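Chemist: Before we start, here is the structure in question, set down as structure tokens.
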Amino acid sequence: MAIVGALESGLKGNHDTLFTKSILDGISSIIFTSSLGIGVIFSAVTVFIYQGAITLGAGILSGVLSTTVITNMSAIGGLLIVGLGFNMLGVTKIKVANLLPAIFLPILFQIFI
């Protein structure tokens with residue numbers, strides 16, 4: 001959700017996925033802080049840096065990419081989130097992290113086709 005949300009935020013200006021992820025992160029950080037201590041709070045700096053970098057990079061690319069490519073990237077990201085949902089429900093065991101580079105396939109198709 002972090003990568004897909006940051007891409008959607010930078011490319012389309014749609015922040016809904018990032019807001020949902022921040023709520024989930026906030027709840028889990030409260031739970032983790034109670035058992036692991038104050039160091040959990042410092043992980044927010046790392047999350048801010050990498051999500052911010054992805055959002056800024058996507059914002060720069062949004063002027064270059066066509067709306068078709070942006071729509072296709074969002075569709076692939078949505079499928080990855082569905083795969084995460086299936087994993088959480090225990091329906092399947094999809095290795096979603098291995099599929100993350102698929103988000104950038106529409107860019108390659110735009111360049112070479």
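Chemist: Just for the stretch 59-80: of the residues that are aliphatic (A, V, I, L, M) and more than 15 Å from residue 100 (Cα to Cα), which one is nearest to the chain's Cα centre (by Cα)? Explain how you work it out, then say what you get.
Modeler: Initial filter on the stretch 59-80 (aliphatic (A, V, I, L, M)): 60-61, 64-65, 69-70, 73, 75-76, 79-80.
Still in the running and more than 15 Å from residue 100 (Cα to Cα): 60-61, 64-65, 69-70.
Details: 60: 17, 61: 16, 64: 20, 65: 18, 69: 17, 70: 14 Å.
Among residues in the stretch 59-80 that are aliphatic (A, V, I, L, M) and more than 15 Å from residue 100 (Cα to Cα), the one nearest to the chain's Cα centre (by Cα) is 70.
Chemist: When only residues in the stretch 72-90 that are surrounded by 13 or more Cβ atoms within 10 Å (Cβ to Cβ) and of a type in the set (Val, Ile, Thr) count, which is modelled with the highest pLDDT?
Modeler: Selected residue: 76.
Chemist: What is the residue count in the stretch 69-92 for residues that are of a type in the set (S, T, N, Q), without any contact (Cβ under 8 Å) to a residue 40 or more places away in the chain and part of a helix (DSSP H, G or I)?
Modeler: Kept after step one, since they are of a type in the set (S, T, N, Q), are these residues of the stretch 69-92: 71-72, 74, 87, 92.
Then keep just the ones that are without any contact (Cβ under 8 Å) to a residue 40 or more places away in the chain; that gives 71-72, 87, 92.
Add one more test, that the residue is part of a helix (DSSP H, G or I), and what stays is 71-72, 87.
The qualifying residues number 3.
Chemist: Restricting the search to the stretch 36-68, which residues are in contact with a helix residue (DSSP H, G or I) (Cβ under 6 Å, 6 or more places away or on another chain) and outside any helix (DSSP H, G or I)? Lay out the reasoning, then the answer.
Modeler: From the stretch 36-68, those in contact with a helix residue (DSSP H, G or I) (Cβ under 6 Å, 6 or more places away or on another chain) are 40, 51, 54-55, 58-59, 62; that's our starting set.
Selection gives 62 alone.
Chemist: Still on this structure, please answer the following. Output the number of residues of the stretch 52-70 satisfying the condition of being loosely packed, with under 14 Cβ neighbours inside 10 Å and farther than 21 Å from residue 19 by Cβ.
Modeler: Residues flagged as loosely packed, with under 14 Cβ neighbours inside 10 Å and farther than 21 Å from residue 19 by Cβ within the stretch 52-70 amount to 6.
Chemist: List pairs: first residue in the stretch 1-14 and surrounded by fewer than 21 Cβ atoms within 10 Å (Cβ to Cβ) and part of a loop (DSSP other than H, G, I, E, B), second residue at pLDDT 90 or above and of a type in the set (S, T, N, Q) anywhere in the structure, Cβ distance under 9 angstrom, at least six positions apart or on different chains.
Modeler: Note: pairs meeting the criteria are 1/20.
Chemist: For residue 31, are the conditions met, namely being in a helix (DSSP H, G or I) and touching a Ser or Thr at 6+ places or on another chain (Cβ under 7 Å)? Steps first, please.
Modeler: On the way: in a helix (DSSP H, G or I): yes; touching a Ser or Thr at 6+ places or on another chain (Cβ under 7 Å): no.
When the stated conditions are applied, residue 31 does not pass them.
Chemist: Separate question: Any residue in the stretch 46-67 that is on the phi > 0 side of the Ramachandran plot sitting within a Cβ distance under 6 Å of a residue that is hydroxyl-bearing (Ser, Thr, Tyr)? List the pairs, counting only those 6 or more apart or interchain.
Modeler: Sorted first by the residue in the stretch 46-67, then by its partner, the list stays empty.
The values are calculated or read from the model by the stated rules, or taken from the named source; none is laboratory data. Quick caveat, the model's predicted, so the values are computed rather than measured. FYI the Cβ positions are ideal-geometry reconstructions off the backbone, even for glycines, and counts take in every protein chain you see.
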